[in-house]
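Below is one structure; the comments refer to it alone.
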4 protein chains.
Amino acid sequence: MAGSTLGTNFKITTWGESHGKALGAVIDGCPAGLPLCEKDIQIYLDRRKPGQSNISTPRKEADQVEILSGVFEGKTTGTPISLIIPNTSQKSSDYSEIASYYRPGHADYTFDAKYGFRDYTGGGRSSGRETAGRVAAGAVAIKILKELGITVTAYTRSIGPVTIDDSHFDKSAIYTTATCMPDPAADEKATAYLKECMMEKNSSGGVIECVVEGLPAGIGDPVFEKLDANLAKAVMSIGAVKAVEIGDGTLVSSAKGSENNDAFRISSEGITKKTNHAGGILGGISDGSTLLLRAHVKPTPSIFQKQETVNKNGENIEIEIKGRHDPVIVPRAVVVVEAMTALTVLDACMANMTARLDYLKDFYC
Amino acid sequence: MAGSTLGTNFKITTWGESHGKALGAVIDGCPAGLPLCEKDIQIYLDRRKPGQSNISTPRKEADQVEILSGVFEGKTTGTPISLIIPNTSQKSSDYSEIASYYRPGHADYTFDAKYGFRDYTGGGRSSGRETAGRVAAGAVAIKILKELGITVTAYTRSIGPVTIDDSHFDKSAIYTTATCMPDPAADEKATAYLKECMMEKNSSGGVIECVVEGLPAGIGDPVFEKLDANLAKAVMSIGAVKAVEIGDGTLVSSAKGSENNDAFRISSEGITKKTNHAGGILGGISDGSTLLLRAHVKPTPSIFQKQETVNKNGENIEIEIKGRHDPVIVPRAVVVVEAMTALTVLDACMANMTARLDYLKDFYC
Amino acid sequence: MAGSTLGTNFKITTWGESHGKALGAVIDGCPAGLPLCEKDIQIYLDRRKPGQSNISTPRKEADQVEILSGVFEGKTTGTPISLIIPNTSQKSSDYSEIASYYRPGHADYTFDAKYGFRDYTGGGRSSGRETAGRVAAGAVAIKILKELGITVTAYTRSIGPVTIDDSHFDKSAIYTTATCMPDPAADEKATAYLKECMMEKNSSGGVIECVVEGLPAGIGDPVFEKLDANLAKAVMSIGAVKAVEIGDGTLVSSAKGSENNDAFRISSEGITKKTNHAGGILGGISDGSTLLLRAHVKPTPSIFQKQETVNKNGENIEIEIKGRHDPVIVPRAVVVVEAMTALTVLDACMANMTARLDYLKDFYC
Amino acid sequence: MAGSTLGTNFKITTWGESHGKALGAVIDGCPAGLPLCEKDIQIYLDRRKPGQSNISTPRKEADQVEILSGVFEGKTTGTPISLIIPNTSQKSSDYSEIASYYRPGHADYTFDAKYGFRDYTGGGRSSGRETAGRVAAGAVAIKILKELGITVTAYTRSIGPVTIDDSHFDKSAIYTTATCMPDPAADEKATAYLKECMMEKNSSGGVIECVVEGLPAGIGDPVFEKLDANLAKAVMSIGAVKAVEIGDGTLVSSAKGSENNDAFRISSEGITKKTNHAGGILGGISDGSTLLLRAHVKPTPSIFQKQETVNKNGENIEIEIKGRHDPVIVPRAVVVVEAMTALTVLDACMANMTARLDYLKDFYC
């Protein structure tokens, strides 16, 4: 089946492999009239780009995006926007060895099981590089949401045992620390922890948190197209994510109703809630509070320790992976979570415009 | 937008409100030739049915399903299967009061925000009764999966602070304990805990776990249609679920790569893994191990304590909810998780049949 | 695959067989706030109902629709509207014979080829009765379009050699003549022609025309989701339709550009066209003129003459079909064309509401 | 809404404008293991390419396709295949004039009505060049179908008043005549007719016919996803097509049942039909006979005669279109019809693989 298209109204299709000629995305259904240039997208790709710190793979990729269609005289035309990001640093020769065995924690085996063979260079389509297309498309969604007064902000909540201190939350640090932590003290500790991991040829997991502010109440649909359901799908579809939480998330299972319910209150701003255990979503529909989700990201599976696995000839072997690998996936995945959240929220906002007959009458009569 | 349809090949559409005339589901894309009768479905609906224990709402609903189409001489014909479950215990008069305010933790406010008004009787479409249609459709998916050697089993992992002891796992207890815990000792403790909750007019959350056995490697698609992404959506779309975990789930964020990677080994059964931290999915595709997921369910929002909220006139008020409400959602949601998992897995299995040109050639040549 | 769901924003799913317990449709994505009762739908079903004239099958069906969900206190709630039409006149015993062979011009053989067996009673899902669900759902679409100032009108253009005279066009006659011709003189001739056909145990084809008035310019999408492409699909999906034309239709292939182009002119009503060869659609998008389409309907395949075919045992045989059959499909299909056109146009109107960033800003800012 | 994606299992997304940097298509869901290189696709693009005869626009476009992803070591991997065709002959300066008015018969006005402005260079996305992406993707579908023993062949049936003589049908002439007529005598007459048209600054319409051979019975789905319904949509979505016929097409409306029914007969090849008025489809499902469809193509709207229209300032004006334009669209659209037919048939073949439980059991057990 086709698995590289997402969204109903704002629909994206991504393509490309780690070591192919290029990666890209096609956005279909982008509203006409949005001012758009490469720079709008590049700033998001730059946040995902490898080789930017000593806790990131030294692979250098320019990750320069080019807009091939859908923009005319600086504005989107309503027709598909094709985005391309050429690959410039493919060292396919590195991969002759891994062609012959299955790396633990990777999709090598499952791709073979599904398709009969695989593009083994750099993980092919299962590489984290696949997310470049998502980020490029997400940048356009983020720009549209901003025009509607809605902002999406993701950051690193924890790396291994190191968690940010909410009382020291410093948003600007997201964009300046190598860990993307909004807390410079935590960033320092996490960096030290990662260096330890690297010394022992190991890697670390972590948590990414994402908040959406300015989202009006009423976005999302009942039943299967709940806003949280689509967010869970969007975020879980990012390679290394193994759990998704909305609001209090896993805490709800040990909570009591009196602790978990958010009281409604009326104020000068209209109906608000005293607390936000729900994370801004009730019954699958936004409630006007800050939307909050968390993604749990597994440690980079490419570690340099000796590991057991199976080779092509069906023999048990021991391997030591070589090459260029991040000791932690989290910092580079922050902008991916931001992109996936924005794509989901925008699609839901567009769907919501036909929720009432009055909306149709206002539009057409 | 339309939000009540799920699936691509095995597509279901559910409909119905808590206090309407009936609830139902239409299954479109069910393969022809499956022996099917009402009883096949009824046994699953009976597991979801209210009023079966003293930790469940006393509302009595027969929840009798009828097959209206798509079955001829005892077998599915390949055309849509329409399933209907009449509502028999609507006491709409109960709801005159809640029409006037927003219950905390419920979707009353968000439905109003979206649609301008709402069916306030029993929560309308946002009621847990909505899941009856899912369970009915899921029963058909489960039956097909069984024919393929794939079984789906969900159960209660925890209620409030009480968790099952895996070393005492007793599958049969799932179907005999009121909590659906596969551990009679834990069931006893959980029941006692729930009685406490009820005495203090409170409610409890809990965790549902679901395993899929017999699933071959290769099911699921890369990128957006990852098997875990679709499972996350399917499970998060169940009313009270606030977090979804695959395999080790939230634990991965504090793990190291050496702890989280599963080594591949060759054995008489082919390629297997020494451990299963991944929960049976790598790169969005099943790896042949047991698939494992967990859903964190919030406490029933309808509690009988005094709560703050806002009424229709925009005034802050205090309310005390009355009526018939479960002190915990978990036991009745177990079969819903099972249904949603089965629907997702079956749809992915069907999609997988076109993954290779050789499959098409085997079929057509 | 699933084939009984249509539409993106206004999505319908139909179900039911000719001789099953009932037929029905689920509408998902109907905007909230539309006043709706059974009568709104019944008037359309009554136009499709059999047994109303001597050129229609004598089978009597009440075709009484019931709304099971999605309407609260007389208005649509935005959640799925489930419509059910019980079958009351199933004479399954009639069909023992046709179970054993393939009727020429019917789908008996192709259903067997696809599914391995078939519900042979009255054609099962391939029966014209399947369209009852379409008409019920279409009635709701028509009602919404009316609220937006858009009307859809279908009628019989020709039966066999008898064509209406446009200069005598009388709209009211659509609803009073047995042929649904807007020209009583043509109706008389066509009725006489059909009686001849019946006398020679034969049947006749015909043409249905449909016009949409009040449709603003800008509806429909470029490329694959062109308004005319979706109309062609919707209308061709009606059982007996073998050709679909838009505007001048087949005439364009023998025309010259100077004859076929419609000149634009400015008037007090804005931009209009001097002619309408295009039938109201340019580049897949409505141009503000009257939308016009035609469906060519084949003669009823059930004729009482001797016919050659093959039986279950793979033998060449001769058959004489018995039972109750219309000598012409056209008059009862008129309202089906109307329904399919309305469903398509409404879905396109809803999609169009997100075409420009300004529309989103008007809605959300 | 998004309108540039087609298909469920074999899904394509096209992008690009007449005078943008490039055009392209992404194929998602292509089965793994198909040998594929640029040349496989190029031969189809070359058939669509302009500037190849004196009845085609003199615009020169190399229309060289490049595969950017989804192919590894010469075979498709099952992941998205990104195809790009750079534009090399954009003379945007030509178009300063037409920016100021609406060309009759073109989508200039409707794009403005929809999006508020348009890319006026060469028609932007509404240009016939948009079909390059369809042809590129269709070439892959055609290659797969060939592997399954299914061939798709389109050709010109008529241009203006000149129709091919079926008794002189010469398949090879499709690829050697400038008109793509499988009848050299008709080609000669049609060419003469087109020269007349050009002399009088006019253009001509025509008919494209397409046959699918080797298609087994059972392909297509009942109700909305009928094979003929999807073919009608696919073919009507080609810019200038105004009518689509299946089998006898428009003739059925004046036929009698005894003339239109195809008798089934048993032979050494199994169940066949004595005639094929149905064009190979009964009840929306293929019947094993040759599938036959026809598309009626309007005359090129860009003619060099004086025409009336409206300009940007809302004034009635007279225009004379300049530039490079084909006097007839038909010959270059032949391969587009072939592509759209192949895409639709392949998608239906893939969908059909899950029609029976036995198919699933054969695959998984």
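Expressed as an acute angle from 0 to 90° and rounded to the nearest 10, what is the orientation of the C-alpha long axis of helix A:131-147 relative to the principal long axis of chain A?
20
State in Å² the accessible area per residue of region C:260-338; use a 1.4 Å probe, count heavy atoms of protein chains only, and round to the nearest integer.
Value returned for region C:260-338: 35 Å² of accessible area per residue.
If the limit is 31 Å between Cα atoms, which of C:K21/D:K273; C:K256/D:K146; A:K146/D:K114 go over it?
C:K21/D:K273; C:K256/D:K146
Pairing the Cα long axis of helix C:227-236 with the longest principal axis of chain C, what angle in degrees results, from 0 to 90 and rounded to the nearest 10?
Result, in degrees: 10.
Computing the accessible area with a 1.4 Å probe over protein heavy atoms, can you report the carbon and sulfur percentage for region B:248-297?
Roughly 50 percent of what the probe reaches on region B:248-297 is carbon or sulfur.
Could you work out the local net charge near D:E320, counting Lys and Arg as +1, Asp and Glu as -1, over the other residues with Cβ closer than 12 Å to its Cβ?
+1
Ignoring ligands, DNA and RNA, what percent of the accessible area of region A:1-53 is carbon or sulfur (1.4 Å)?
Answer for region A:1-53: carbon and sulfur cover 53 percent of the accessible area.
With heavy atoms of protein chains only and a 1.4 Å probe, what residues of region C:5-22 have at least 30 Å² less accessible area in the full set of chains than alone?
Residues shielded by partner chains are C:T5, C:T8, C:N9, C:K11, C:T13, C:W15, C:E17, C:K21.
Which distances, in nm and shortest first, link the C:C365 label point to the same label point in every other copy, taking 7 Å along Cα→Cβ?
So the distances to the same position in the other copies read 2.7, 5.7, 6.1 nm.
What gaps in nm, shortest first, separate B:K201 from its twins in the other copies when you place the label 7 Å past Cα toward the beta carbon?
Its label point is 6.3, 8.1, 8.8 nm from the equivalent points in the other copies.
Taking amide H atoms as placed 1.01 Å from N in the peptide plane, list the residues 5 or more away in sequence, or in a different chain, whose amide H sits under 5 Å from that of A:G288.
Result for A:G288 returns A:A217, A:G218.
List the residues whose amide H sits under 5 Å from the amide H of C:L36, counting only those 5 or more places along or on another chain, with H placed 1.01 Å from N in the peptide plane.
C:K75, C:T76
Relative contact order for region A:115-195 using alpha-carbon pairs under 8 Å, separation at least 6, rounded to a whole percent?
19
Could you do me a favour and compute the accessible area per residue for region B:31-85, 1.4 Å probe, result in Å²?
So region B:31-85 comes to 35 Å² accessible per residue, rounded to a whole number.
Just to check I understand the Karplus step: with θ = phi - 60° and J = 6.51 cos²θ - 1.76 cosθ + 1.60, what whole-Hz values come out for region B:204-215, glycine and proline as x?
10, x, x, 10, 10, 10, 9, 10, 10, 10, x, 6
Output wanted: per-residue J couplings in Hz (rounded whole) for region C:284-291, from phi through Karplus 6.51 cos²θ - 1.76 cosθ + 1.60, θ = phi - 60°, x for Gly and Pro.
For region C:284-291, the Karplus-derived couplings read x, 10, 4, 10, x, 7, 4, 7 Hz, x marking Gly and Pro.
Which of the listed residues, C:G51, C:S167, C:L145, is farthest toward the dipole's positive end in region C:47-201, when Lys, Arg count +1 and Asp, Glu count -1 at the beta-carbon?
Value: C:L145.
Where does each of A:237-245, B:64-72, A:284-292 land if you order them by average Cβ count within 10 Å, highest first?
With the highest mean Cβ count within 10 Å placed first, the list reads A:237-245, A:284-292, B:64-72.
Restricting to Cα pairs below 8 Å that are 6+ residues apart, what does the relative contact order work out to for chain C? Please round to a whole percent.
Relative contact order here is 21 percent.
³J(HN,Hα) across region B:148-160 via Karplus (A = 6.51, B = -1.76, C = 1.60, θ = phi - 60°), whole Hz, x for Gly/Pro?
My calculation for region B:148-160 gives 9, x, 10, 10, 10, 9, 10, 7, 7, 8, 8, 9, x Hz in order.
With a/c under 1.5 counting as rounded, go ahead and sort region C:216-295 into rounded, prolate or oblate using the C-alpha gyration tensor (a ≥ b ≥ c being the square roots of the eigenvalues; past the cut-off, prolate if a/b is larger than b/c, else oblate).
oblate
Compute the separation of the alpha-carbon centres of region C:246-290 and region A:308-357 and state it in Å as a whole number.
Centre-to-centre distance over Cα atoms comes out at 49 Å.
Using only Cα atoms, locate the centre of region D:208-239 and the centre of region B:111-126, then give the distance between them in Å, rounded to an integer.
The two parts, judged by their Cα centres, are 42 Å apart.
Peptide A:201-208: average number of partner chain Cβ atoms within 10 Å per residue?
Mean shielding count: 5.
Rounded to the nearest 500 deg cm²/dmol, what is the calculated helix-only ellipticity per residue at 222 nm for chain D, with -39500 (n - 2.57) per DSSP H run of length n ≥ 4?
-8500 deg cm²/dmol
By how many degrees, 0 to 90 and rounded to 10, does the Cα axis of helix C:184-199 deviate from the longest principal axis of chain C?
The angle comes out near 30 degrees.
Pairs of Cα atoms under 8 Å, at least six residues apart: use those to get the relative contact order of region B:1-139, whole percent.
33
Averaged across A:275-285, how many Cβ atoms of other chains sit within 10 Å of each residue's Cβ atom?
Mean shielding by partner chains, rounded to a whole number: 6.
Along Cα-to-Cβ, 7 Å out, sits the label point; list in nm, shortest first, how far the one on D:N313 is from those in the other copies.
Here D:N313 shows inter-copy label distances of 6.2, 8.3, 8.5 nm.
Please figure out what share of the DSSP beta bridges in the protein assembly as shown is antiparallel and state it in percent, rounded to the nearest 5.
For the protein assembly as shown, the DSSP antiparallel bridge percentage is about 95.
Kindly compute the accessible surface that chains B and C hide from a 1.4 Å probe when together, both sides summed, and give it to the nearest 100 Å².
3300
From the residues B:V212, B:A232, B:M198, which one has its Cα farthest along the dipole of region B:191-265 in the positive direction, the dipole being from +1 and -1 charges on Cβ of Lys/Arg and Asp/Glu about the Cα centre?
Highest projection toward the positive end goes to B:M198.
In the neighborhood of D:R332, defined by Cβ-to-Cβ distances under 9 Å, what is the net charge if each Lys or Arg adds +1 and each Asp or Glu adds -1?
Local net charge: +2.
Closest to the B-onto-C rotation axis, which residue of chain B has its Cβ, and how many Å off the axis is it?
Measuring from each Cβ to the axis, the minimum is at B:T13, 2.
Please calculate how many Å² of accessible area region D:98-149 carries per residue, with a 1.4 Å probe and no DNA, RNA or ligand atoms counted.
19
Rounded to a whole number, what % of the accessible area of region A:58-166 do carbon and sulfur atoms account for, probe 1.4 Å?
After summing per-atom areas, the C and S share lands at 49 percent.
Counting Lys and Arg as +1 and Asp and Glu as -1, what is the net charge of the other residues whose Cβ lies under 11 Å from the Cβ of D:A186?
Net local charge, D:A186 excluded: -4.
Hey, can you rank C:355-364, D:299-308, A:324-333, D:246-255 by average C-beta count inside 10 Å, highest first?
Top to bottom by mean Cβ count within 10 Å: A:324-333, D:246-255, D:299-308, C:355-364.
The values are calculated or read from the model by the stated rules, or taken from the named source; none is laboratory data. Only a predicted model underlies this, so the values are computations on that prediction, with no experimental measurement involved. In this analysis, Cβ positions are derived from the backbone assuming ideal geometry, glycine residues included, and neighbour counts consider all displayed protein chains. These area figures cover heavy atoms from the full protein model, side chains too; ligands, DNA and RNA do not enter into them. Shrake-Rupley method; radii C 1.70, N 1.55, O 1.52, S 1.80 Å.
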